[in-house]
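Shown next, in structure tokens, is the structure this report addresses.
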Amino acid sequence: MANVVIVGTQWGDEGKGKVVDLYAQSADVIARFQGGNNAGHTLVVGGKQTILHLIPSGILHAGKLCIIGNGVVVDPSVLIEEMNTLRNRGLLPDSTRLLVSEKAHIIMPYHRRIDVARESHGVGKKIGTTGRGIGPAYEDKIARVGIRLCDLLDDVVFREKLSRNIEEKNFYLTKLFAEEPLDEKAIYEEYRTYAEALRPYAADCSLIMQREIDKGKRILFEGAQGNHLDIDHGTFPYVTSSNTVAANACCGTGVGPSSVQSVVGICKAYTTRVGEGPFLTELKDETGARLQQVGQEFGATTGRKRRCGWLDMVLIRQAIRVSGITGIALTKLDVLTGIEKLKICTGYRMDQEEFTESVPANLRILNCCRPLYEELDGWSEDIRGAKQIEDLPANTRRYIERLEALAGVGMVLVSVGPDRDETIILNDPFAG
Ligand code: IMP
């Protein structure tokens, strides 16, 4: 029996929500290990659409334990709002189904203010962040001045840490950005109420997860964003501020690497990106607009239109290597239906040099590269009813086979439509 990590292989928005939801049925514990409310899964709960940004989507399945690990940055107002929504629908009866690591860092109002101020004042490069304070919260963690959930729950520690932070952040906001200072007392009062709401959910999640593993329970580690938004391995600086690669499932929850046996990489049948940054296979033509429209490519958190382009196997190969991906879940294949000729990028070229396994780290080099394409015939048949690979048109199967050959890793599932049953299951990652 295996514990499974799910990560995105591209720049996020690969359709992880559907796959996590599917695998959550087989898991006992679902844990988030990085990111914060910059992520977003759109779910249908009791006929009503809900977007969850922090709580693992496994919460919708009865009897599962959901964990927000120490590697996640938690905006308490967002978490409490999500908890209230779920509670009102009878999905969060008590604190036995959702636990938050006492070591998780808390997003404070100054993190959001600094995030937005930097992007709008043109200090440094515009990243196109979600404006949720994610980067500044991780900065404080690394600078060892961040406030963790256990600090928020201790009035003496919280007062002292808040005071020190406000002094420094007000200096930064007023002197560099000429912004209004933050009101320490108001923030203290606001966050005291959050502390009381979150107290029953705070826990030593590393210990709890180990006990579950010892009992033979199955853990699903739910990654957010994608491998190429990773702070170390992504297209820096156009990345998020956490490690999105699979190894962080361990650091971000406090579980040892020997407890992970399978890594599923979610790969959308084409590529999208939200925000700024290099995107070699981007299509700024009708085909790009078509992918955006048919694929409903809008950010779940900010509502921004996602940039769209051809499948890029350099991205996928690097993600497979860095995350140790053991199986690919191919998503949104139906969005390609009706496109006469499909392209797959197999490498990048700059002058005489070719890059096929890794994205060049130096963006000046990357921006001088051009994509090398293979062209395949598309298909026009509706594939949404396919239940097994044999039901797919020959050209669709060829596209999948070519992707597998270029990746060097097999498929665990192929998603041919948004609904749960519009999925071809090929392998069970929990089987190990
Ligand atoms: P931040 O995570 O808000 O700091 O944003 C940094 C970059 O990551 C921006 O380009 C965002 O658009 C991108 N980003 C952050 N979260 C997601 C996500 O869940 N999906 C896709 N892009 C994301």
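Name the one entry in Ile219, Ile166, Ile208 that is β-branched (Val, Ile, Thr), modelled with pLDDT of 95 or more, within 28 Å of Asp13 (Cα to Cα) and surrounded by 14 or more Cβ atoms within 10 Å (Cβ to Cβ). Give the derivation first.
On the way: Ile166 fails: within 28 Å of Asp13 (Cα to Cα); Ile208 fails: within 28 Å of Asp13 (Cα to Cα).
Matching residue, one of Ile219, Ile166, Ile208: Ile219.
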Please enumerate the residues belonging to the range 129-153 that are of a type outside the set (D, E, K, R), surrounded by fewer than 20 Cβ atoms within 10 Å (Cβ to Cβ) and either assigned to a loop (DSSP other than H, G, I, E, B) or near the ligand (Cβ under 9 Å from one of its atoms) (or both). Gly131, Ala143, Val145, Leu153
Of the conditions (1) within 14 Å of Gly71 (Cβ to Cβ); (2) touching a Gly at 6+ places or on another chain (Cβ under 6 Å), His228 satisfies every one except a single condition; which number is it? (1)
Out of all the residues in the range 186-200, is one or more within 16 Å of the ligand (Cβ to nearest atom), closer than 29 Å to Asp230 by Cβ and in contact with a strand residue (DSSP E or B) (Cβ under 9 Å, 6 or more places away or on another chain)? no
Return the pair list, or none, for Cβ contacts closer than 9 Å from residues in the range 123-141 that are in contact (Cβ under 8 Å) with a residue 24 or more places away in the chain and in the same structural domain as Leu162 (by TED's automatic domain parsing) to residues that are among the aromatic types (Phe, Trp, Tyr) and within 10 Å of the ligand (Cβ to nearest atom), at least 6 apart or on different chains. Lys125/Tyr238; Ile127/Tyr238; Gly128/Tyr238
Within the range 268-323, considering residues that are within 12 Å of the ligand (Cβ to nearest atom) and charged (D, E, K, R), the one surrounded by the most Cβ atoms within 10 Å (Cβ to Cβ): Lys268
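Condition check ((1) within 25 Å of Ile187 (Cα to Cα); (2) more than 14 Å from the ligand (Cβ to nearest atom); (3) without any contact (Cβ under 8 Å) to a residue 12 or more places away in the chain; (4) crowded, with 21+ Cβ neighbours inside 10 Å) across all residues:
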position	(1), (2), (3), (4)
Gly12	no, no, no, yes
Ala24	no, yes, no, yes
Asn38	yes, no, no, yes
Ala62	no, yes, yes, no
Cys66	no, yes, no, yes
Pro76	yes, yes, no, yes
Which numbered condition Gly216 fails, given (1) on the phi < 0 side of the Ramachandran plot; (2) more than 16 Å from the ligand (Cβ to nearest atom); (3) touching a residue at least 24 places away in the same chain (Cβ under 8 Å): (1)
Can you tell me which residues in the range 364-399 are under 26 Å from the mean Cα position of the chain (by Cα) and within 23 Å of Tyr348 (Cβ to Cβ)? Leu366, Asn367, Pro371, Tyr399
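If I ask for residues that are β-branched (Val, Ile, Thr) and assigned to a loop (DSSP other than H, G, I, E, B), which ones from the range 265-293 would you list? Write out each step before concluding.
Of all residues in the range 265-293, those β-branched (Val, Ile, Thr) come to 266, 271-272, 274, 281, 287.
Result: Val274, Thr281.
Take Lys126 and decide whether it is among the charged types (D, E, K, R), farther than 26 Å from Lys305 by Cβ and within 16 Å of the ligand (Cβ to nearest atom). Reasoning before the result, please.
Numbers: among the charged types (D, E, K, R): yes; farther than 26 Å from Lys305 by Cβ: no; within 16 Å of the ligand (Cβ to nearest atom): yes.
In short, no.
What about Val20, is it closer than 19 Å to Ala300 by Cα and assigned to a strand (DSSP E or B)? So that I can check it myself, show each step before the final result.
Details: closer than 19 Å to Ala300 by Cα: yes; assigned to a strand (DSSP E or B): no.
No.
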Checked the range 83-117 for anything crowded, with 20+ Cβ neighbours inside 10 Å and free of Cβ contacts under 8 Å to residues at least 24 places away in the same chain; matches are Asp115
Hey, Pro237 hits all of (1) modelled with pLDDT of 95 or more; (2) surrounded by fewer than 21 Cβ atoms within 10 Å (Cβ to Cβ); (3) away from the ligand (no atom under 16 Å from the Cβ) but one; which does it fall short on? (3)
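Can you tell me which residues in the range 240-264 are in a helix (DSSP H, G or I) and either farther than 30 Å from Lys125 by Cα or within 16 Å of the ligand (Cβ to nearest atom) (or both)?
Step one: list which residues in the range 240-264 are in a helix (DSSP H, G or I), which gives 248-251, 257-259.
The answer is Asn248, Cys250, Pro257, Ser258, Ser259.
For Tyr172, indicate whether it is in contact with a strand residue (DSSP E or B) (Cβ under 9 Å, 6 or more places away or on another chain) and under 30 Å from Arg304 (Cβ atoms). Before the answer, list the steps.
Working: in contact with a strand residue (DSSP E or B) (Cβ under 9 Å, 6 or more places away or on another chain): no; under 30 Å from Arg304 (Cβ atoms): yes.
No: the conditions fail for Tyr172.
It is to be established whether one or more residues within the range 351-360 are within 28 Å of the chain's Cα centre (by Cα), within 16 Å of the ligand (Cβ to nearest atom), in a strand (DSSP E or B) and not aromatic (Phe, Trp, Tyr).
Within the range 351-360 (the criterion being within 28 Å of the chain's Cα centre (by Cα), within 16 Å of the ligand (Cβ to nearest atom), in a strand (DSSP E or B) and not aromatic (Phe, Trp, Tyr)), the answer is no, since none of the residues qualifies.
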Go through the range 2-16 and count every residue that is within 9 Å of the chain's Cα centre (by Cα) and outside any loop (DSSP other than H, G, I, E, B). 3
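From Leu330, Leu413, Leu392, Leu342, which residue is touching a residue at least 40 places away in the same chain (Cβ under 8 Å), surrounded by 19 or more Cβ atoms within 10 Å (Cβ to Cβ) and more than 24 Å from Ser262 (Cα to Cα)? So that I can check it myself, show each step before the final result.
On the way: Leu330 fails: more than 24 Å from Ser262 (Cα to Cα); Leu413 fails: more than 24 Å from Ser262 (Cα to Cα); Leu392 fails: touching a residue at least 40 places away in the same chain (Cβ under 8 Å).
After applying the criteria, what remains is Leu342.
The values are calculated or read from the model by the stated rules, or taken from the named source; none is laboratory data. All figures in this text were calculated on a predicted structure; none of them were measured in a lab. Note that each Cβ is placed from the backbone with ideal geometry, even for glycine, and that neighbours are counted across all protein chains shown.
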